Amino acid sequence: MENEIKNILKMPLEEKIKTNQFYQAAFTHKSYSNENHLSYSYERLEFLGDAVLSVHITHFIWEHFPNMDEGELTNLRSKAVRQETLAAASLSLGLEKYLFLGHGEENTGGKQRVSILSDVFESFLAAVYLDLGHQAVDKVLNLTLYEWIISNSFDSMVDYKTKLQEYVQNEKRNPIVYKLLEQNKKNNITFFVIGVYLDDILLGKGQGSTKKKAEQEAAKAALEKLSKEVK
């Protein structure tokens, strides 16, 4: 078990574990504990991992989507931490291979069960946090959920470009223009900064992992500015 855990951390994190007992517990299902009369399972670590996950995901989306309002941020976070998303993250890391399940759970496909895979992702995060700290947790999430969030963030957004276009047309103004202002990288993910202009005046800027997403963010900022001017 110890060598296997070292391998799973070495590949994505290039880290050496310090306290093996955290990982032993993180992969032990209650059914296995009951059958083998163990005093531990992953349930307590899952509790901690849920909180650790929430803090990291909340900070990530807050930092990377400055133009999203509270409702959009909440919607995106809810999608990122739902069982199906966490289960997929578990499978992408191969965590199911390290699970200790009771015979009943094992024989009924427990290693592919969404609820168990979701739980073990949280317990694994807790073990990484306790052993290696917040930076190591970020490395795990950068390989899994952060990329998922970037790819799926567009689904949580309103079509602000269309709203801005309709506003400009109703006001009988000149066409709006989108311009690429910056292109940079964060956590090995490329981000674009787009500005939206009306009559050569910058109305708003937006950032996103694609130009289309950045344009949506810019359009939202422009709408907010225009609505304040009307008031």
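Only the coordinates and a few stated rules stand behind these numbers; no lab work does. Because the structure is predicted, anything quoted here is derived from the model rather than measured. Cβ atoms come from the backbone with ideal geometry, glycine included; neighbour counts cover every protein chain shown.
Annotation: the antiparallel percentage among DSSP beta bridges lying fully within the chain is about 95. For the range 137-150, backbone phi angles converted through the Karplus equation (6.51, -1.76, 1.60; θ = phi - 60°) give residue-by-residue couplings of 4, 4, 5, 4, 5, 5, 7, 10, 6, 4, 5, 4, 4, 4 Hz, Gly and Pro being listed as x. Over all other residues within a Cβ to Cβ distance under 10 Å of Y160, the charged ones net out to -1, with Lys and Arg as +1 and Asp and Glu as -1.
Could you compute the net charge surrounding H29? Neighbours are other residues with a C-beta less than 12 Å from the C-beta of H29; K and R count +1, D and E count -1. It works out to a net charge of -4.
Over the range 36-80, the ratio between the Cα radius of gyration and 2.2 N^0.38 Å evaluates to 1.63.
Can you give me the angle between helix 211-230 and the longest principal axis of the chain, using Cα atoms only, in degrees from 0 to 90, rounded to the nearest 10? Rounded to the nearest ten degrees, it is 50.
Exceedance of the 20 Å cut-off in Cα-Cα distance is limited, within the set K79/K163; K139/K211; K16/K139; K163/K212; K16/K186, to K79/K163; K139/K211; K16/K186.
Taking amide H as placed 1.01 Å from N in the peptide plane, K186 has its amide H under 5 Å from the amide H of F191, each at least 5 places away in sequence or on another chain. Since only S31, N184, S78 are under comparison, the one whose Cα sits farthest along the positive direction of the charge dipole of the chain, derived from C-beta charges on Lys, Arg, Asp and Glu, is N184.
3J(HN,Hα) along the range 19-32, derived from phi through the Karplus expression 6.51 cos²θ - 1.76 cosθ + 1.60 where θ = phi - 60°, amounts to 10, 5, 4, 4, 6, 4, 5, 4, 9, 9, 6, 4, 5, 6 Hz, with x in place of Gly and Pro. Note on K185 and Q112: the model spin-label points, each 7 Å out from Cα along the C-beta direction, lie 3.7 nm apart. Checking every one of the GluC sites (Glu not before Pro) in the range 111-185 against DSSP loop status and a limit of 15 other Cβ atoms within 10 Å picks out E171.
Among residues other than V177 with Cβ under 14 Å from its Cβ, the summed charge is +2 (Lys and Arg +1, Asp and Glu -1). Between S227 and R44, the modelled labels are 4.8 nm apart [label points 7 Å from Cα along Cα→Cβ]. The charge dipole of the range 12-127, taken about its Cα centre with unit charges on the Cβ of Lys, Arg, Asp and Glu (plus for the first two, minus for the last two), comes to roughly 280 debye. Compared with the dominant principal axis of the Cα atoms in the chain, helix 43-64 is inclined by about 20°. With R₀ fixed at 22 Å, the C-beta to C-beta distance from N20 to H103 puts the FRET efficiency at about 0.35.
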